[in-house]
Amino acid sequence: MNETLQVLESRRSCRAFKPDMVKEEDLQAIIKAGTYAPTGMGMQSPIIIAVTDKKLRDQIAEENRRIGGWKEGFDPFYGAPVILIVLANKERPTYIYDGSLVMGNLMNAAESLGVASIWIHRAKEEFESEFGKKLLAELGIEGDYEGIGHCALGYAAEPPAAAKARKDNYVYYVK
């Protein structure tokens with residue numbers, strides 16, 4: 001099996017990260033892979049906010065926890081030291097698909113480099129909140145963006161679980 005197909009079959013969501021920071025060269029390669037995701041008409045509607053600052057990472061985690069309704073102290077990013085937040089410009093009719101493809105590229109690129117990942121939701125709600133609007137303003141990001149997802153990255157604290165068997169009738173062939 002070729003390396004790309006192996007990565008696609010082996011990637012699993014990680015729910016326990018070590019505190020070790022992702023190597024800078026690996027992080028940059030993962031981010032670059034995200035920028036090469038296909039987008040509608042090649043318009044590149046998404047943006048990526050790369051958060052490695054622990055203080056900001058923890059503030060984002062707290063906002064996400066609050067939106068999710070979990071008890072205080074829960075970390076919805078499972079200790080991951082890096083959060084790549086994908087937002088996409090709502091003016092593009094394909095923005096949700098575009099952002100989702102960026103998320104997929106980020107997670108698959110991470111897997112190819114031995115970096116664990118997980119897609120965490122509630123980015124939409126985060127960036128509709130005053131917290132998110134303030135963060136975008138502080139970063140100088142203007143436009144009508146919707147949060148698509150958080151790609152939490154780091155090194156796995158434990159081995160990934162085996163893949164579940166693929167469901168019956170996943171594919172219907174018409175020949």
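If the condition is being touching a residue at least 24 places away in the same chain (Cβ under 8 Å) and either polar (S, T, N, Q) or in contact with a Phe, Trp or Tyr (Cβ under 8 Å, 6 or more places away or on another chain) (or both), then the stretch 154-175 contributes G154, Y155, A156, A157.
Scanning the stretch 83-94 for residues that are among the β-branched types (V, I, T) and either open to solvent by 20 Å² or more (accessible area, probe 1.4 Å) or closer than 14 Å to T39 by Cβ (or both) turns up V86, T94. Hey, could you check the stretch 133-161 for residues that are touching a helix residue (DSSP H, G or I) at 6+ places or on another chain (Cβ under 8 Å) and crowded, with 21+ Cβ neighbours inside 10 Å and say which is farthest from S45 (Cα to Cα)? My answer is L153. Selection of the stretch 95-128 for residues being open to solvent by 20 Å² or more (accessible area, probe 1.4 Å) and among the polar types (S, T, N, Q) yields S100, N105, N108, S112.
Would you mind finding the one in A80, A61 that is crowded, with 21+ Cβ neighbours inside 10 Å, modelled with pLDDT of 95 or more, out of contact with any His (no Cβ under 7 Å at 6 or more places or on another chain) and not in a helix (DSSP H, G or I)? When all the criteria are applied, what remains is A80. Taking first residues from the stretch 1-22 that are more than 15 Å from P81 (Cβ to Cβ) and part of a loop (DSSP other than H, G, I, E, B) and partners that are open to solvent by less than 90 Å² (accessible area, probe 1.4 Å) and of a type in the set (D, E, K, R), the Cβ contacts under 8 Å between residues at least 6 apart in sequence or on separate chains come to R11/E111. Would it be correct to say that D75 is charged (D, E, K, R) and open to solvent by less than 20 Å² (accessible area, probe 1.4 Å)? When the stated conditions are applied, D75 does not pass them. When you scan the stretch 108-117, do you find a residue that is within 14 Å of the chain's Cα centre (by Cα) and part of a loop (DSSP other than H, G, I, E, B), even just one? Checked the stretch 108-117: at least one residue is within 14 Å of the chain's Cα centre (by Cα) and part of a loop (DSSP other than H, G, I, E, B). Taking the criterion of being more than 18 Å from K90 (Cβ to Cβ) and within 16 Å of the chain's Cα centre (by Cα), the residues of the stretch 22-37 that qualify are V22, D26, L27, Q28, A29, I30, I31, K32, A33, G34, T35, Y36. Just for the stretch 26-45: of the residues that are without any contact (Cβ under 8 Å) to a residue 60 or more places away in the chain and farther than 17 Å from C151 by Cα, which one is most open to solvent (accessible area, probe 1.4 Å)? Here the answer is M41.
Filtering the stretch 159-173 for residues that are under 24 Å from Q28 (Cα atoms), at pLDDT 95 or above and assigned to a loop (DSSP other than H, G, I, E, B) leaves an empty set. Evaluate the stretch 146-153: report whether one residue or more is assigned to a helix (DSSP H, G or I), under 26 Å from K23 (Cα atoms), in contact with a His (Cβ under 9 Å, 6 or more places away or on another chain) and touching a residue at least 12 places away in the same chain (Cβ under 8 Å). Among the residues of the stretch 146-153, not one is assigned to a helix (DSSP H, G or I), under 26 Å from K23 (Cα atoms), in contact with a His (Cβ under 9 Å, 6 or more places away or on another chain) and touching a residue at least 12 places away in the same chain (Cβ under 8 Å), which makes the answer no.
Of the residues making up the stretch 101-125, just one is within 22 Å of A157 (Cα to Cα) and acidic (D, E), namely E111.
The values are calculated or read from the model by the stated rules, or taken from the named source; none is laboratory data. Everything quoted here is computed from the prediction, not taken from an experiment. All Cβ positions, even for glycine, are placed from backbone atoms using ideal geometry, and neighbour counts span all protein chains on display. Quick note on the areas: whole protein, heavy atoms, side chains included, nothing else; ligands and nucleic acids left out. Shrake-Rupley method; radii C 1.70, N 1.55, O 1.52, S 1.80 Å.
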